[in-house]
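One structure is given here, and the rest of the page talks about it.
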Amino acid sequence: MQGRIPLIIGILVVALGIIVYSATFVVHQTQQAAVLQFGAVKRVITEPGLHFKIPLIQNVRFEENRVLNLDPRAETVLLADQRRLVVNTFVRYRIDNLEQFIRVAISEGNLRSQLEPIVNNAVRTVLGTTFLPTVLSAERDNLMANIRERVNQETQKAGSNFGIDVLDVRIVRADLLPEVSKSVYERMKSERERDANEFRAQGNEQYQGITSAADREATVIRAEANREAEILRGTGDAERTRILSAAYGRDPAFFEFYRSLQAYEAAIRSDNSVLVIPTDNDFFRFFNDQRGGFTLPAGAGTNLPQTTAVD
């Protein structure tokens, strides 16, 4: 009998350990727990640490206390301007009422299957009254806040409250359909070409104005220069005529001889032309001196000023 006492004590210790182990559980910081008794939620524990339950009668269900994410499938949305947009969103939510979550959503997988159509419906409802430039502008934040509010209203309705709080809904991608994208790009290209043609026309107009002003100014400058040149040329010709007239008046014979020399210089040049004229021609009357020199007309040079050579 005495030999069985340690065995009984050991069995009691083991049984007590099993009872204590099954009566305690640990909740981590990233978790929250619900104590269930025959499937009904008795209490919800959100504080981390060691907690107790009735063994064999109660069991514990753990769920995430962190922010969870949902990535619904891409949906084709018809915008207010009748453009079709392929929208891909993501959702961030947290379980804020574990008892309600277990009662309605039952599990996270079941929640995802019910939450995805709610999100897509809210996206179609909000974007269906919105134009494409608004979706692509800074006003998208207001659209996302409106979608999040609609999703929270649907998930927190009386009788169908999932026990979650939708923290954020965002658009990951918003792409036009390929055929729509092509038409949009063509229109953008046409608009850019129109702007380029307009800028080019404005530049050409400025170029024409500057060129015309420069040509007009150049014409005026050339006209003024020609006028001044004509005035100077006329003045010089008048002075030349006056000097020649004065010289001719003082000694007509010498002046005739001088002009003949100029005519000889212009007529007799060292080129390939040949000039055949008899020597008794009046043009060569100054070559008729038998001594081989020029014959000055009578009285030529008598009226010219006399000069004296100085050594």
- Item | Scan of region 138-159 for residues that are farther than 30 Å from N97 by Cα and crowded, with 17+ Cβ neighbours inside 10 Å, ordered by number | none
- Message: Only one of G109, G10, G39 is at positive phi and free of Cβ contacts under 8 Å to residues at least 12 places away in the same chain. Can you tell me which?
- Response: G39
- Checking I102 against (1) more than 27 Å from E63 (Cβ to Cβ); (2) in contact (Cβ under 8 Å) with a residue 60 or more places away in the chain, which single condition isn't satisfied? (1)
- Task: Answer yes if at least one residue in region 166-182 is loosely packed, with under 13 Cβ neighbours inside 10 Å, out of contact with any Ser or Thr (no Cβ under 9 Å at 6 or more places or on another chain) and of a type in the set (A, V, I, L, M, F, W, C), and no otherwise.
- Result: no
- Is region 125-137 home to any residue that is within 28 Å of N65 (Cβ to Cβ) and surrounded by 13 or more Cβ atoms within 10 Å (Cβ to Cβ)? no
- Would you point out which residue out of A80, A34, A23 is in contact with a Phe, Trp or Tyr (Cβ under 9 Å, 6 or more places away or on another chain) and assigned by TED's automatic domain parsing to the domain that holds L132? A80
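The values are calculated or read from the model by the stated rules, or taken from the named source; none is laboratory data. These figures come from a predicted structure and were not determined experimentally. Because the Cβ atoms are built from the backbone with ideal geometry, glycine has one as well, and the counts that use them run over all protein chains shown.
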